[in-house]
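To start, the structure under review is shown below, and the notes come after it.
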Amino acid sequence: MVAVSSDGTERPEPVTEIVSNGGRDPDGSARMLGRWTFQYTPARRLVEKILSGRVLNACAGKTKLHHDGEIVRNDLNPDRDADTYLDVATIAEHFGPQSFDTVVFDPPFDQKQAEEKYDGLHASDVYSALGQFNELVRPGGAVIAFGWNSWGMRSFPAYEREETVLLQRGPIHRDVIVTVDRRTSETLATDGGELP
């Protein structure tokens, strides 16, 4: 993977960790990355170790994360156990600026996946969602994003990449890429980032 620095030069971006699919959890159940990401123990552990302060689980699904602070669960599906049922493309309209310390973004990664596994429900605009998270995350906070690519919060210079983790799904399936980007600017006004 390649990252572009603020001066426009490309530099290699290291993969922090590679997690192979398979194995068994301590209770003997099979460890497989499937439809509900956080039922997969390595993904859950990765995210739960990063959670801090007030958390927005932007596409919560059915699995609840464990955290000693507040977690606001959002999901488009009104049949899910969630606090809000908002499209992430406009979610910042419903919360105060910089009102979260951590955002977890694990949406359906593409239209086909949304149709096959999530009743066709998906964010109307992923790039807009990233802009919304930019408004919602406090300085020092993090955005943890899951997907088929490693873009994460790259559109916003206020963020620095902390981790890039590959969750391998096997020899014939694409890896799931997890990025952890930390907000380093003090105010939204100093951010200056715009979506491409």
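The values are calculated or read from the model by the stated rules, or taken from the named source; none is laboratory data. Model, not experiment: these values are computed from the prediction. All Cβ positions, glycine included, derive from the backbone under ideal geometry; neighbour counts span all protein chains shown.
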Unmet criterion (only one of (1) surrounded by 20 or more Cβ atoms within 10 Å (Cβ to Cβ); (2) in a strand (DSSP E or B)) for Gly61:
(2)
I need every pair where a residue in segment 86-102 that is modelled with pLDDT under 95 and surrounded by fewer than 16 Cβ atoms within 10 Å (Cβ to Cβ) has its Cβ under 7 Å from the Cβ of a residue that is basic (Lys, Arg) and part of a helix (DSSP H, G or I), sequence separation at least 6 or different chains.
none
Evaluate the following for Arg154: is it in contact (Cβ under 8 Å) with a residue 40 or more places away in the chain, buried (at least 17 other Cβ atoms within 10 Å of the Cβ), out of contact with any His (no Cβ under 6 Å at 6 or more places or on another chain) and farther than 15 Å from Ile50 by Cα?
yes
Quick test for you: out of Leu33, Leu76, Leu56, pick the one residue that is crowded, with 21+ Cβ neighbours inside 10 Å, modelled with pLDDT of 95 or more, of a type in the set (A, V, I, L, M) and out of contact with any Pro (no Cβ under 6 Å at 6 or more places or on another chain).
Leu56
Here are some conditions: (1) modelled with pLDDT of 90 or more; (2) over 23 Å from Ala129 (Cβ atoms); (3) surrounded by 14 or more Cβ atoms within 10 Å (Cβ to Cβ). Asp68 meets all but one. Which one does it not meet?
(3)
In segment 64-83, how many residues are touching a Phe, Trp or Tyr at 6+ places or on another chain (Cβ under 9 Å) and not in a loop (DSSP other than H, G, I, E, B)?
2
Are any residues in segment 62-101 over 10 Å from Leu136 (Cβ atoms) and of a type in the set (Ser, Thr, Tyr), and if so, which ones?
Thr63, Thr84, Tyr85, Thr90
